[in-house]
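Participant: Got a structure here, written out as structure tokens. Questions coming.
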Amino acid sequence: MARFLGARFVRAIFVFLLVSLGTLFLIDLTPGDPAVSIAGETAGPDVLAAVREQYGFDRPLLVRWVDWMGSVFSGNFGQSFTSRMPVMSLLADRLPVTVELTILAVVITLALVIPLALYAGYHQGSWLDRFVNGLSAVLISIPSFVLALVLILVFALALRVLPVSGWVPLAEDPIGNLRSAILPALALALAETAVLLPVLRADVVATLEQDYITLARSKGVSSARILFRHALRPSSTSLVTLMGLSLARLFGGAVIVETAFSLPGIGDLLITSIRSKDLILTQGLVMFIAVVYLVANLVIDILYTKLDPRVSVSS
Amino acid sequence: MTEQQTLSPATPEVAPTVAVAASPAVRKPRRRPSIAVLLSLAWIVVVLLAAIFASLLPLADPNANVTPTSIPPFTSGAEFLGTDQLGRSVLSRLVFGAQVSLVVSVSAAALGMVIGVTLGMMSGVRRAADTVVGTATDALLAFPGIVLLLALGAAMGPGVRPLIIGLTLFSVPAFTRLARANTKLVNHREYVEAARLQGASTVRVLLREVLPSVIRPVLAYFVVILAALIVAEASVSYLGLGVVPPTPSWGGMIADGQAQLIDSPAHVLVPAFVLFVTVLSIGVLGRWLRARTSGSRS
């Protein structure tokens, strides 16, 4: 197990190196002088010289890369050029919204996926199984922003039960906060459910064919107990692996959903940074999102070995 | 089976393509396509023909103001889908939007497939290539698809070129993993080893012996990826950072309509419905193709 995790860790470090090189390159991809793209067309020569000095565009790439990795490790993602604020503090302001949205979406997803998949897998071919199957095929074809707009239309405009957009901070008004978060979280969760539901259902079906399930059943163990105590854990390895990728999707989805509901999260900050051509902020945010993703996947690998000890042996 | 989610073609679970062969549903010999498959095919053919022959069809100029103000759908014979807030023909913008969307996503998926299959087959037979390609793939997957697209758009400016590059990068990892898994599957079969023993070079073995078994699941997967790319393109264009207005795009039309969601939801719902039906149809076709290819593999 230690060897397995060690190999994973080494790989994660190499991936981190590549990711940091990629984000560093983001600035070099801009057409023309990178200093001009950071400072803007109107900047005078002295400003441009200062920008070149600050970001060291005259230094070799390798030196800049080492510098950039060092600053990322120390949590310094640079300074926004438009607001003159460190990227980290801008990010810290917006992070709670996105984190809350993501957690809520994961909770809703699991609350939908686990019982539905267990039931559908247990009653294979029943009307609910077929309905759930069809529903995930339909849900998977609805882009998250369309889902968001449909939810706004139904719950906020037609039924008038929830706010159309905007954000109430948790500390100010917990109920209002939940009301403003529930629709965006639902938009994210439904898209995620469509992906994960068929996966868990297939694994449940496979698990239920195992001998020990037949044994438990012949001993007279109740269906609910078989499903939740005996079948869920061995069936959830794919689910857990995919949850790691989910995080990337949820972050990506959050960018869009936050825009649709005008929520002040990281996604909204990213879009704003791109619209105002604040490249340093864009670069910092992209790097931050990638690092979160890498760390989360490393954690999931550890979880994975706990869930299924065979993983570390076979690899 | 793992259906691909709309915004991330990342697929570590490529095994289903291979494993489905055992499920009883596909073991039946060549089932006739269902109604859903036929309807999907019909819709895709209509969209394709409309997009290809857009400039020959009797449509209004997508950027011309044909009516003084917006008219709702199903009120006028000529513009039966109505006109948008600038009085532009919704039907015409949908058709020309399909053109942009298809050009961008088909070319990106094709590029991604060629690059991905090449890399995947290389890493399927060479350990060193596997390590390098695997690490690079993991690095690409660390950026959520939409963030990757946005970042490229931010650096290179909006437009079709960064979109194609971004969508290609977005599709490469999935093709790479699929090609790698299928290469590993056949790499040590007798006929491949036989070719190798006869002294064929690695490139020749890969092209002549391995590629034919790799290409079938990959082609079926192409369709699934295409749906994901269309959604991704629509999403970035919805955010206003993809296709540059006034060039019509489905995502852009939905974003334009969102301002009057209360007064005239049709401006959002009509393009959203077209986008949804297109993605759904491609998904249905893709699943059907995948079931067929994996069913007849063994």
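The values are calculated or read from the model by the stated rules, or taken from the named source; none is laboratory data. Please read these numbers as outputs of a predicted model, since none were measured by experiment. Virtual Cβ from ideal backbone geometry, glycine too; neighbours counted across all protein chains shown. The area values use the complete protein model at the heavy-atom level, side chains included, leaving out ligands, DNA and RNA. Shrake-Rupley method; radii C 1.70, N 1.55, O 1.52, S 1.80 Å.
Participant: Looking at the range A:280-297, can you tell me whether even one residue there is crowded, with 23+ Cβ neighbours inside 10 Å, without any contact (Cβ under 8 Å) to a residue 60 or more places away in the chain and under 24 Å from A:Ile152 (Cβ atoms)?
Facilitator: So far as the range A:280-297 goes, no, none of its residues is crowded, with 23+ Cβ neighbours inside 10 Å, without any contact (Cβ under 8 Å) to a residue 60 or more places away in the chain and under 24 Å from A:Ile152 (Cβ atoms).
Participant: While we're looking at this one, here's another question. Which members of the range A:104-128 meet the condition of being farther than 28 Å from A:Leu178 by Cα, touching a residue at least 12 places away in the same chain (Cβ under 8 Å) and within 13 Å of chain B (Cβ to nearest Cβ)?
Facilitator: Of everything in the range A:104-128, just one residue is farther than 28 Å from A:Leu178 by Cα, touching a residue at least 12 places away in the same chain (Cβ under 8 Å) and within 13 Å of chain B (Cβ to nearest Cβ), namely A:Gln124.
Participant: Would you call B:Val270 open to solvent by 10 Å² or more (accessible area, probe 1.4 Å) and within 14 Å of the chain's Cα centre (by Cα)?
Facilitator: Numbers: open to solvent by 10 Å² or more (accessible area, probe 1.4 Å): yes; within 14 Å of the chain's Cα centre (by Cα): no.
In short, no.
Participant: Here's something else I'd like to know. Could you check how many residues of the range B:118-132 are more than 12 Å from B:Leu206 (Cα to Cα) and of a type in the set (D, E, K, R)?
Facilitator: Counting residues in the range B:118-132 that are more than 12 Å from B:Leu206 (Cα to Cα) and of a type in the set (D, E, K, R) gives 2.
Participant: Here are some conditions: (1) part of a helix (DSSP H, G or I); (2) at pLDDT below 75. A:Val19 meets all but one. Which one does it not meet?
Facilitator: Among (1) part of a helix (DSSP H, G or I); (2) at pLDDT below 75, the lone unmet condition for A:Val19 is (2).
Participant: Right, next: Could you check A:Gly125 against (1) more than 27 Å from B:Val223 (Cβ to Cβ); (2) open to solvent by 40 Å² or more (accessible area, probe 1.4 Å); (3) of a type outside the set (Phe, Trp, Tyr) and say which number it fails?
Facilitator: If we test A:Gly125 against (1) more than 27 Å from B:Val223 (Cβ to Cβ); (2) open to solvent by 40 Å² or more (accessible area, probe 1.4 Å); (3) of a type outside the set (Phe, Trp, Tyr), just (1) comes out false.
Participant: So is A:Ile38 among the β-branched types (Val, Ile, Thr), in contact (Cβ under 8 Å) with a residue 12 or more places away in the chain and away from every other protein chain (no Cβ under 11 Å) or not?
Facilitator: Numbers: among the β-branched types (Val, Ile, Thr): yes; in contact (Cβ under 8 Å) with a residue 12 or more places away in the chain: yes; away from every other protein chain (no Cβ under 11 Å): yes.
Against the criterion (among the β-branched types (Val, Ile, Thr), in contact (Cβ under 8 Å) with a residue 12 or more places away in the chain and away from every other protein chain (no Cβ under 11 Å)), A:Ile38 qualifies.
Participant: Helices (runs of 4 or more DSSP H) wholly in the range A:140-229 with at least 2 residues that are of a type in the set (Asp, Glu) and either within 26 Å of the chain's Cα centre (by Cα) or farther than 25 Å from B:Asp263 by Cβ (or both) - which ones?
Facilitator: Numbers: elements: A:144-151, A:174-208, A:211-218.
It comes to A:174-208.
Participant: Also: So, in the range B:123-149, of the ones that are in contact with a helix residue (DSSP H, G or I) (Cβ under 6 Å, 6 or more places away or on another chain), of a type in the set (A, V, I, L, M) and in contact (Cβ under 8 Å) with a residue 24 or more places away in the chain, which residue ends up surrounded by the fewest Cβ atoms within 10 Å (Cβ to Cβ)?
Facilitator: The residue in question is B:Leu140.
Participant: Next question. Any residue in the range A:250-263 that is in a helix (DSSP H, G or I), over 22 Å from A:Thr30 (Cα atoms), out of contact with any Ser or Thr (no Cβ under 8 Å at 6 or more places or on another chain) and open to solvent by 10 Å² or more (accessible area, probe 1.4 Å)?
Facilitator: yes
Participant: Any chance the range B:135-155 includes a residue that's more than 14 Å from chain A (Cβ to nearest Cβ), in a helix (DSSP H, G or I) and touching a Pro at 6+ places or on another chain (Cβ under 9 Å)?
Facilitator: Going residue by residue through the range B:135-155, those that are more than 14 Å from chain A (Cβ to nearest Cβ) are none.
No - not one qualifying residue is present in the range B:135-155.
Participant: Related question: Just need a number here: residues in the range B:24-78 that are of a type in the set (Gly, Ala, Ser), in a loop (DSSP other than H, G, I, E, B) and modelled with pLDDT of 70 or more. Step through it out loud before you land on a result.
Facilitator: Narrowing the range B:24-78 to residues of a type in the set (Gly, Ala, Ser): B:25, B:34, B:36, B:40, B:42, B:50-51, B:54-55, B:60, B:64, B:70, B:76-78.
When the remaining residues are screened for being in a loop (DSSP other than H, G, I, E, B), the result is B:34, B:60, B:64, B:70, B:76-78.
Those left that are additionally modelled with pLDDT of 70 or more: B:34, B:60, B:64, B:70.
Looking only at that region, the number is 4.
Participant: How about the range A:27-46: which of its residues are among the hydroxyl-bearing types (Ser, Thr, Tyr) and not in a helix (DSSP H, G or I)?
Facilitator: A:Thr30, A:Thr42
Participant: Given the conditions (1) within 24 Å of A:Tyr293 (Cβ to Cβ); (2) outside any helix (DSSP H, G or I); (3) in contact with a Leu (Cβ under 8 Å, 6 or more places away or on another chain), and given that A:Asn76 satisfies all but one, which numbered condition is not satisfied?
Facilitator: Unmet condition: (3).
Participant: Looking at (1) farther than 20 Å from A:Val10 by Cβ; (2) within 11 Å of chain A (Cβ to nearest Cβ); (3) part of a helix (DSSP H, G or I), find the lone condition where B:Thr176 falls short.
Facilitator: The single condition B:Thr176 does not satisfy is (2).
Participant: Could you say which residue among B:Leu239, B:Leu285 is in contact (Cβ under 8 Å) with a residue 12 or more places away in the chain, within 11 Å of chain A (Cβ to nearest Cβ), at negative phi and touching a helix residue (DSSP H, G or I) at 6+ places or on another chain (Cβ under 9 Å)?
Facilitator: Working: B:Leu285 fails: within 11 Å of chain A (Cβ to nearest Cβ).
The match here is B:Leu239.
Participant: Only one of (1) within 13 Å of chain B (Cβ to nearest Cβ); (2) modelled with pLDDT under 80 is not met by A:Val154, so which one is it?
Facilitator: For A:Val154, the exception is condition (2).
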